[in-house]
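The values are calculated or read from the model by the stated rules, or taken from the named source; none is laboratory data. Not measured: the values here are computed from a predicted model. Glycine gets a Cβ as well: all are built from the backbone with ideal geometry, and neighbour counts include every protein chain shown. The protein model used for the area step is the full one, side chains on, heavy atoms only, and it has no ligands, DNA or RNA in it. Shrake-Rupley method; radii C 1.70, N 1.55, O 1.52, S 1.80 Å.
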2 protein chains.
Amino acid sequence: MQTDPVSRFRRFARAVTAEVGALDSSFLGRGRPLGAARVLNAIGQGRADVAEIRAYLGLDSGLMSRLLRGLEEEGLVVTRPDPGDARRRIVSLTDAGQTEFAAYERLSDERAEALLSRHADQDALLAAMDRVASALLREKIEMREVDPRAPEAVHCLQAYYGELARRFPQGFEVSLSRDPEAGAMVRPRGSFIVAFSDGLPIGCVGLKGTGADYSEIKRLWVSPAARGLGLAHQLMARIEAIARELFITVLRLDTNSALPEAVALYRRAGLREIDRFNDDPYPDHFFEKRL
Amino acid sequence: MQTDPVSRFRRFARAVTAEVGALDSSFLGRGRPLGAARVLNAIGQGRADVAEIRAYLGLDSGLMSRLLRGLEEEGLVVTRPDPGDARRRIVSLTDAGQTEFAAYERLSDERAEALLSRHADQDALLAAMDRVASALLREKIEMREVDPRAPEAVHCLQAYYGELARRFPQGFEVSLSRDPEAGAMVRPRGSFIVAFSDGLPIGCVGLKGTGADYSEIKRLWVSPAARGLGLAHQLMARIEAIARELFITVLRLDTNSALPEAVALYRRAGLREIDRFNDDPYPDHFFEKRL
DNA sequence: GCATTTACCTGACTTAAGTCAGGTAAAATT
DNA sequence: AATTTTACCTGACTTAAGTCAGGTAAATGC
């Protein structure tokens, strides 16, 4: 019986090999050997340093040199010496190279679309794919400070409000269109952080300068695809570090017992439970931390 | 922002390519070119017909011939003419070939284990991987009649009872050790079906001959990894076909409103709701279908 | 300032993979 | 029975990928 973890993983590998291999094969759709196509795409993704591309693709220096020359002869890339170190070379795409790279991207998109369109339960499938990818990439999660009105932030906040609406027994009213608190979550009064995993927004947290003698942590959310990876802790640590940068000395936050994992997280993170400090109807738990 | 389906799928492909590629590379761990190793493994998996292996691996007939001869020279496989068609050839592993194939399997297992061990949230990760694999392989689901006391069946039944225990407000008492009903779910009185996806049991259903003038459908279960693929319908259709084979004319079943998707399924499947026909404390919905 | 290291290039080579045009014997078709 | 098709084999060839031993020029270390 193939129910042990190793068998399950190997079954997964067998299942995705065919589909993912088909995606890779878009690198062969334009009459260019795989090696040259991979180099072109590495450059298209923004890699400019020859040594970096070589390390990324695991190529021999001689082979890399020949592949690059081939692309140069095709008129797709140009190289010039690194001004800071004339031994090194900087590569970039010409206009023709941009066009060719875009064609590869389109091919990949088309194959991905064709593969996906064969599946009826796309939402569930993509959710599971997000989960697998987030777990596999968990060491490469990147956090960026963004404006809470930026699309990445709005994406997270919509998911957050949607979840509140589902989980609060009394529901939750979304008033996202013009968030009155957004202005308080930008520097220098506050901040807003979005966590990305290979480009996909998977979590957020806000720091809201209230003008009073404390600041508030708001809208801590982690995508279902990324739960169990310790991301909420990382977000809390990061926003706390920013609070210190902004000379904030007292952090407060409120939450609801319908979100028991949030309550547990705040307790574990060393926040102290305090009395109600606002008259918001939703929260029933209140925390504080002095920095 | 990379939140559209195509970007999410491509992110998934990027994330798994590295890991799955590492698994594939176990085919290179024994000093044999990839092509030869793939042929050896195809034979080890039970493929015996040369033409079938050629089609499966997408090889040219000349190349296949040479790879096979190489393996023969290594003493790993033997070929003999197909007795039914002397043009065709049957390949099988020698003892040395068996040993070599087992070594490849061990390599793959070890790599899989190493990859998995790097992940803390294994249960959630494997659940998501099962879901992805089941969706990708949904056209290759295989249903087999098995004894309800066989390990594959017990695996499904444990999952089934576990889910009942979680979902019934009053809980559910598992008395699996010696299932008194198992004997009524084997031919000629009844039947038990397990659905497999590339070896993993992902669903089951039982047909219980009661001795009375009706038979019962019992223990319809679909793994969370395979929901949304229409498997429950397939299982119902299959068990109904078997009931006809056994000259059963009336099918009954009971279920509980804590399982709304089951109630909805039975209604959609054309079963008629009837009055309570037993004094089991758990069910509160009763269905019948005349064949 | 001089030796060493580094980044890239070049030429000669090997290996793996695959293609293509025949060829043989058995099976299927007419 | 003759023809065609099929399954496999063989030899000659091409291409892609990669390896290895030098070589040049710039940067670095002592």
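General observations
- Some residue of segment A:89-100 being surrounded by 20 or more Cβ atoms within 10 Å (Cβ to Cβ), more than 16 Å from DNA strand D (Cβ to nearest atom) and either among the β-branched types (V, I, T) or free of Cβ contacts under 8 Å to residues at least 40 places away in the same chain (or both): yes
- Within segment A:214-254, the set of residues being over 16 Å from A:A184 (Cα atoms) and polar (S, T, N, Q) comprises A:S223, A:Q234, A:T249.
- Taking the criterion of being within 9 Å of chain A (Cβ to nearest Cβ) and either touching a helix residue (DSSP H, G or I) at 6+ places or on another chain (Cβ under 6 Å) or open to solvent by less than 40 Å² (accessible area, probe 1.4 Å) (or both), the residues of segment B:125-149 that qualify are B:L125, B:L126, B:A128, B:M129, B:D130, B:R131, B:V132, B:A133, B:S134, B:A135, B:L136, B:L137.
- Test for A:E173: is it at pLDDT below 95, of a type in the set (D, E) and open to solvent by 80 Å² or more (accessible area, probe 1.4 Å): yes
- Hits in segment B:224-236 - residues which are part of a loop (DSSP other than H, G, I, E, B) and crowded, with 23+ Cβ neighbours inside 10 Å: B:L229
- Flag if B:R80 is more than 29 Å from the chain's Cα centre (by Cα), farther than 30 Å from A:D123 by Cβ and more than 12 Å from DNA strand D (Cβ to nearest atom): no
- For beta carbons closer than 8 Å, sequence separation of 6+ or different chains, a first residue in segment B:191-220 that is within 14 Å of chain A (Cβ to nearest Cβ) and a second that is among the aromatic types (F, W, Y), the qualifying pairs are B:I202/B:F196; B:G203/B:W221; B:C204/B:Y160; B:C204/B:F192; B:C204/B:W221.
- The listed residue being modelled with pLDDT under 95 and within 30 Å of A:R118 (Cα to Cα), out of B:L235, B:L220, B:L259, B:L231: B:L259
- The residues of segment A:56-76 that are near DNA strand C (Cβ under 10 Å from one of its atoms) and surrounded by 12 or more Cβ atoms within 10 Å (Cβ to Cβ), listed by number, are A:L63, A:M64, A:S65, A:R66, A:L67, A:L68, A:R69, A:E72.
- Test: residue in segment B:14-29 that is modelled with pLDDT under 95, away from chain A (no Cβ under 12 Å) and assigned to a helix (DSSP H, G or I): yes
- Residue check for B:R66: over 20 Å from A:D4 (Cα atoms) and without any contact (Cβ under 8 Å) to a residue 24 or more places away in the chain: yes
- Tally of residues being over 25 Å from the mean Cα position of the chain (by Cα) and within 15 Å of DNA strand C (Cβ to nearest atom) across segment A:30-55: 8
- Residue in segment B:39-48 that is out of contact with any Pro (no Cβ under 6 Å at 6 or more places or on another chain), more than 16 Å from DNA strand D (Cβ to nearest atom), part of a helix (DSSP H, G or I) and open to solvent by less than 30 Å² (accessible area, probe 1.4 Å) present: yes
- Here A:I239 fulfils each of the conditions (1) touching a residue at least 60 places away in the same chain (Cβ under 8 Å); (2) under 25 Å from the mean Cα position of the chain (by Cα); (3) open to solvent by less than 40 Å² (accessible area, probe 1.4 Å) apart from (1).
- Residue within segment B:104-116 that is at positive phi, more than 14 Å from DNA strand C (Cβ to nearest atom), under 21 Å from the mean Cα position of the chain (by Cα) and surrounded by fewer than 16 Cβ atoms within 10 Å (Cβ to Cβ) present: no
- Entry remark, segment B:80-120: residues being β-branched (V, I, T) and in contact with a Ser or Thr (Cβ under 8 Å, 6 or more places away or on another chain) number 2 in total.
- Within segment B:67-167, strands (runs of 3 or more DSSP E) holding 1 or more residues that are under 30 Å from B:G31 (Cα atoms): B:77-82, B:85-93
- Scanning segment A:7-38 for residues being among the β-branched types (V, I, T) and either open to solvent by 20 Å² or more (accessible area, probe 1.4 Å) or touching a residue at least 40 places away in the same chain (Cβ under 8 Å) (or both) gives a total of 1.
- Answer from A:D198, A:D130, A:D179 - the residue that is under 30 Å from B:E19 (Cα atoms), assigned by TED's automatic domain parsing to the domain that holds A:R238 and among the charged types (D, E, K, R): A:D198
- Scope segment B:181-223; condition surrounded by fewer than 23 Cβ atoms within 10 Å (Cβ to Cβ) and hydroxyl-bearing (S, T, Y); matching residues: B:T210, B:Y214
- Residues of segment B:273-291 satisfying the condition of being in a loop (DSSP other than H, G, I, E, B) and not hydrophobic (A, V, I, L, M, F, W, C): B:D275, B:R276, B:N278, B:D279, B:D280, B:P281, B:Y282, B:P283, B:D284
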